[in-house]
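One structure is given below, encoded as structure tokens.
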Amino acid sequence: MKVAVVGAGPAGVRAVEQLVRAGLTPIWLNEAPDGGGRIYQRPPAGFRRGHRALYGFEAWRARALHDTLDALKPHTDWRPETLVWNIRPRPRLLYTLHRGTQVEELGYDAVILCTGAMERVIPVPGWTRPGVTGLGAAQVALKAQGCAIGWRVVFLGTGPLLWLVAYQYAKAGAQVAAVLDTTPFATKLAAAPRLAATGCMTFAKGAYYVGWLRARRIPIAEGVEPVAIEGAETGGISAIRWRDAGGAEQVTDCDAVGIGWGLKPEAQLADLAGVPFDFDPVQHNWVPQRDATGRTPVAGVYLAGDGAGIGGADMAELAGARAALALLEDAGHRPDAALQVHLDRGLRRHARFRAALERAFPFPAQLAARMPDETILCRCEAITAGEMRAAARAEAATGPAAEVNRAKAFTRIGMGRCQGRVCSPAAAEVLAAALGCSTAEAGRLRGQPPVKPIPILPLAAE
């Protein structure tokens, strides 16, 4: 049986672990040079900071995952620096690009997609200036390269990653000019009892990060609304303007800004495989359909980790192992009943905590819906929020853009290098507000290959 696993983060490692234990030799494809995913991303060889410095409280988990990763590689067809840029469920083919030069078609009998997540961005006036990065990118710079995104950094957004990255930067010696959380304190306070009840240790770690930052008198504001990121037209950033919870406008000097409002699944391959999607009103994300075991409605396609719905690293490890067991059971292997029960129980527990977390840090759809008309919404195609609203009011023969794919045809939003990976969540909010409908009714941009930019020369040669 030819099994492929896409991704070598927490979900991918634990999926491969179960497949190898069952006697299979899976093809293991990973876009990065090494495994670990974003959360446990490994630095380059020769990097001197150890696990404790890089991963903090999660050092023991990172080390355990890395040790398992290294032990598994010789028992798999390990292919790092390999992008899976397309998938076809009939015939069952993966299209890969190795190190930007080698194109290959890989057949498979079954595939587990562990494609991870990326940060959700709400465009703010000035967000396209040099020096503005996503929170995930800011974290990668610190972990993988040992450098900060600026000398004096503001972190803006909401969610656990906002506080974690701010803590990691300050702990590493960077100057954190401010942490600006768009979620009001009262919202988080109301969710605290449920968070503590469903994830005591994780809740305690989050509280520690916040307390550590406050103890060092790093400026913190909650319930804020960003106004603009400012700087010279041809230069970098000089300041960020924002409104506090009382509506008063404030200015914080800085030379870099990290932004992010939670995470969204990197589910393009699931889309191209024909997996249907549902709108999750709690996560405020479009997520591919799968059951609690990772099975999808498409035969031979299994999902695990944040690419199937945001759950975090711990939940991803459980989901990866569970999807592998489902695959093995479907292939005729006898399941380990005790392990299945253990994994199912853990997944249910983490799902309860995740639901509480999403209520503590809700996606601020209203910020996206009322962004100024002149704000660049799609930076690839330089489409503004005003142009998206105009598409909703269009008087063309075919009528206004009633959903995002029609708006794409009118405006070219989502046609650029990122294929809508960055702009689509905010674009749907802008369109929904303009149409007076729900985000679910505004829809989602359909996936198109390649899922990420690839050089055309290897394809032409092939």
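The values are calculated or read from the model by the stated rules, or taken from the named source; none is laboratory data. All values reported here derive from a predicted model rather than from experimental measurement. Neighbour counts run over all protein chains shown; Cβ positions are idealised from the backbone, glycine included. Heads up: the accessible areas ignore ligands, DNA and RNA and are worked out on the full protein's heavy atoms, side chains in. Shrake-Rupley method; radii C 1.70, N 1.55, O 1.52, S 1.80 Å.
Some points to look at:
- Neighbour net charge for Ile413 - beta-carbon separation under 9 angstrom, K R +1, D E -1: 0
- Ordered from highest to lowest accessible area with the whole protein assembly present and a 1.4 Å probe, Glu429, Glu441, Glu58 read as Glu441, Glu58, Glu429.
- In terms of its C-alpha gyration tensor, region 255-320 has a prolate overall shape, because the principal axis ratio a/c (a ≥ b ≥ c, square roots of the eigenvalues) is not below 1.5 and a/b outweighs b/c.
- Our summary gives the chain a relative contact order of 17 percent, counting only alpha carbon pairs under 8 angstrom and 6 or more residues apart.
- Partner lysines whose Cα lies under 17 Å from the Cα of Lys452, excluding those fewer than 8 positions away in the same chain, are identified as Lys264.
- Oblate is the label for region 121-261, because the ratio a/c of its alpha-carbon gyration tensor axes (a ≥ b ≥ c) is 1.5 or higher and a/b is not greater than b/c.
- Based on Cα atoms of region 307-416, Rg over Rh with Rh as the Kirkwood radius reads 1.22.
- Sites listed here are chymotrypsin sites (Phe, Trp or Tyr not before Pro) in region 118-211 whose DSSP assignment is loop and whose Cβ has at most 12 other Cβ atoms within 10 Å: Trp151.
- Ligands, DNA and RNA left out, the 1.4 Å accessible surface of the chain is 54% carbon and sulfur atoms.
- What the chain shows is 43 Å² of accessible area per residue, with the surface traced by a 1.4 Å probe over protein heavy atoms.
- Phe47/Glu81 FRET efficiency (R0 22 Å; Cβ-Cβ; nearest 0.05): 0.80
- Residue-averaged [θ]222 nm for the chain, counting only DSSP H segments that reach four residues, each worth -39500 (n - 2.57): -11500 deg cm²/dmol
- Full-extension gain in nm, Gln366 to Gln448, via 0.36 nm per residue minus C-alpha separation: 26.7 nm
- Taking 4.7 Å between beta carbons as the limit, the unpaired Cys residues of the chain are Cys114, Cys147, Cys200, Cys254, Cys380, Cys418, Cys437.
- Per-residue SASA remark: Asp278, around 70 Å² accessible (1.4 Å probe; ligands, DNA and RNA not included).
- Whole-Å distance, taken between Cα centres, linking region 256-316 and region 398-462: 18
- Cα gyration tensor category, rounded, prolate or oblate, for region 365-442 with a/c compared to 1.5: rounded
- Placing R0 at 25 angstrom, the Cβ-Cβ distance between Asp278 and Ala351 gives a FRET efficiency of 0.95 after rounding to 0.05.
- Among beta bridges that DSSP assigns inside the chain, antiparallel share in %, nearest 5: 50
- Beta bridges from DSSP with both residues in region 1-112: antiparallel share about 55 percent, rounded to the nearest 5.
- Two-site FRET efficiency, Glu374 against Arg152, from Cβ-Cβ distance with R₀ of 25 Å, rounded to 0.05: 0.40
- Sorted largest first by accessible area at a 1.4 angstrom probe radius, with every protein chain in place, the residues Glu225, Glu317 fall in the order Glu225, Glu317.
- Heavy-atom SASA rank of Met201, Met118, Met388 (probe 1.4 Å, accessible area, largest first): Met201, Met118, Met388
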